[in-house]
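What follows is calculated from the coordinates using simple rules that are stated; it is not laboratory data. Just so we're clear, the structure is a prediction, and the values are computed from it rather than from any experiment. Note: ideal-geometry Cβ built from the backbone for every residue, glycine included; neighbour counts use all protein chains shown.
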Amino acid sequence: MTEVETKVFPIEALEFSTRVFLHFGVPKKDAMQAAEVLACADLRGIDSHGVARLHSYFDMLSEGRINPKPQIKVVRSTLSTAPVDGDNGLGLVVGLEANRIAMDMAEKAGSGWVSVRNTNHFGIAGYYVLKALERDLIGWAMTNSTKLVAPLWGAERMLGTNPIAIAFPGKEEPPIVIDMATCAAAYGKIEMARRRGEEIPEGWSIDRESHGTTKPDEMVEGGALLPLGSDRERGGHKGYALAIMVDVLSARHRPENGIPFE
């Protein structure tokens with residue numbers, strides 16, 4: 001097993017993320033907000049979605065697959081609903097704007113429901129529901145993603161990691177917050193284990209022959225992640241059902257230019 005040196009940096013060092021986004025022409029306000037979403041993931045111990053994701057954004061911006069200066073617009077709206085077109089901007093930026101629109105609607109009409117199209121990976125879903133708590137609102141965020149998960153008893157990737165996050169504010173008690181993928185583990189955790197030369201736990205994935213595997217390479221190279229619960233006896237049908245519902249509620253079609261992780 002290859003040993004990987006681990007270094008610990010203060011959160012202030014992640015200002016580096018802002019400079020990366022600025023390098024590609026992302027406006028300063030957007031760059032700072034995008035970096036904040038990544039930092040939030042690291043601060044909450046979700047290493048798979050923090051600064052570890054920066055390389056993916058770097059690649060997509062370098063290849064012109066993300067618009068650094070999107071013209072985000074509301075396609076149409078009612079008092080409490082709206083679809084938003086992200087103009088292929090950073091999901092970390094488009095998601096924030098859509099979240100703001102939904103919260104503004106909720107404060108005026110009692111609830112706000114916003115869908116987003118034409119964008120990409122938006123970081124941890126939990127970031128957006130935490131912002132709702134700041135305004136004493138119930139927050140709910142979810143998204144479909146690139147195909148990575150095989151259905152229960154299946155062998156082919158057909159579903160995304162499809163995370164769900166919900167937060168309820170408290171009055172005197174602490175708020176209640178959940179943020180979870182509907183598969184056994186986020187793809188980012190597979191990537192991290194792969195970089196470290198480590199195996200992954202049983203029940204996370206299958207190889208290209210549909211056999212369970214603990215080797216990250218076998219999952220990445222033609223295998224698939226498993227639904228939350230992994231198999232029928234451990235509740236895999238429940239994760240499968242949740243993933244389908246997120247897919248149905250989140251999009252008319254699966255974006256082909258998305259980043260392959262939740």
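Going by amide H atoms built from the backbone, whose H comes under 5 Å of the H on Lys215, apart from near neighbours?
Ile200
Using only the alpha-carbon atoms of region 179-230, report the extent along each of the three principal axes, biggest first, to the nearest angstrom.
Extents along the principal axes: 27, 24, 16 Å.
Would you report the distance distribution of C-alpha pairs in region 215-254 as whole percents per 10 angstrom bin, up to the bin with the largest distance?
Reading the bins upward from 0: 28, 35, 35, 2.
Whose amide H sits under 5 Å from the amide H of Ser115, counting only residues 5 or more places off or on another chain, with H placed in the peptide plane?
Ala82, Val84
When the dipole is taken about the Cα centre of region 187-239, and only Lys, Arg (+1) and Asp, Glu (-1) are charged at their Cβ, what size is it in debye, to the nearest 20?
240
PRE reach from Lys7 (point 7 Å along Cα→Cβ): which of region 28-56 fall under 18 Å by backbone N?
In region 28-56, the label zone of Lys7 (backbone N under 18 Å from the point 7 Å along Cα→Cβ) covers 51-55.
Pairs of alpha-carbon atoms within less than 8 angstrom and 6+ residues apart define the contacts here; what relative contact order does region 137-262 have, in percent?
Worked out over region 137-262, it gives 32 percent.
Work out from phi, with θ = phi - 60° and the Karplus expression 6.51 cos²θ - 1.76 cosθ + 1.60, the ³J(HN,Hα) of each residue of region 225-230, listed in order in whole Hz, and give x for Gly and Pro.
The phi angles translate into 6, 9, x, 3, x, 6 Hz.
So who's got an amide H within less than 5 Å of the one on Gly89, skipping anything under 5 residues away but keeping other chains? H placed 1.01 Å off N, in plane.
The answer is Asn67.
Using the crude model of +1 on Lys and Arg Cβ and -1 on Asp and Glu Cβ, and no other charge, please compute the dipole size for the chain relative to its Cα centre, in debye to 20.
Taking the Cα centre of the chain as origin, the dipole is about 820 debye.
Using a 10 Å cut-off on Cβ atoms, rank the peptides 207-220, 236-249, 180-193, 148-161 from the highest mean neighbour count down.
Working: 207-220: 16.3, 236-249: 18.6, 180-193: 22.8, 148-161: 20.4.
Going from most to least packed, we get 180-193, 148-161, 236-249, 207-220.
If r is the Cβ-Cβ distance from Arg195 to Lys28 and R0 is 41 Å, what FRET efficiency results, to the nearest 0.05?
The calculated FRET efficiency here is 0.85.
Dividing the convex hull volume of the Cα atoms of the chain by its residue count, what figure in Å³ per residue is obtained?
Details: hull volume 37.2 nm³, N = 262.
Considering the Cα atoms of the chain, their hull volume per residue is 142 Å³.
What full-extension length gain, to one decimal in nm, is calculated for Ile178 and Asp47 as 0.36 nm per residue of separation minus the Cα-Cα distance? Can you show the working numbers first?
Details: separation 131, 0.36 × 131 = 47.16 nm, distance 1.65 nm.
Stretched out fully, the Ile178 to Asp47 stretch lengthens by 45.5 nm.
Efficiency by 1/(1 + (r/R0)^6): what FRET value for Asp87 and Arg19, r their Cβ-Cβ distance, R0 = 30 Å, to the nearest 0.05?
My answer for the efficiency is 0.80.
For region 115-161, just the Cα atoms, rotate onto the principal axes and tell me the three extents in Å, largest first.
43, 24, 16
For region 42-139, what ratio Rg/Rh do Cα atoms give with a Kirkwood hydrodynamic radius? Could you put the intermediate results ahead of the total?
On the way: Rg = 14.3 Å, Rh = 14.2 Å.
A ratio of 1.01.
Report ³J(HN,Hα) in whole Hz for each residue of region 115-120, in order, from the Karplus equation J = 6.51 cos²θ - 1.76 cosθ + 1.60 where θ = phi - 60°; Gly and Pro get x.
For region 115-120, the Karplus curve yields 9, 10, 10, 6, 8, 8 Hz.
Go through region 135-150 residue by residue and turn each phi into a ³J(HN,Hα) via Karplus (6.51, -1.76, 1.60, θ = phi - 60°); whole Hz please, and just put x for glycine and proline.
My calculation for region 135-150 gives 10, 6, 10, 7, x, 9, 9, 7, 7, 8, 7, 4, 4, 9, 10, 8 Hz in order.
Using Cα positions and a limit of under 16 Å, work out the aspartates and glutamates in reach of Lys28, with same-chain residues fewer than 8 apart set aside.
Glu15, Glu36, Glu97
Using 0.36 nm per residue of separation minus the Cα-Cα distance, give me the extension gain between Val248 and Phe58 in nm, one decimal.
Computed gain between Val248 and Phe58 is 65.4 nm.
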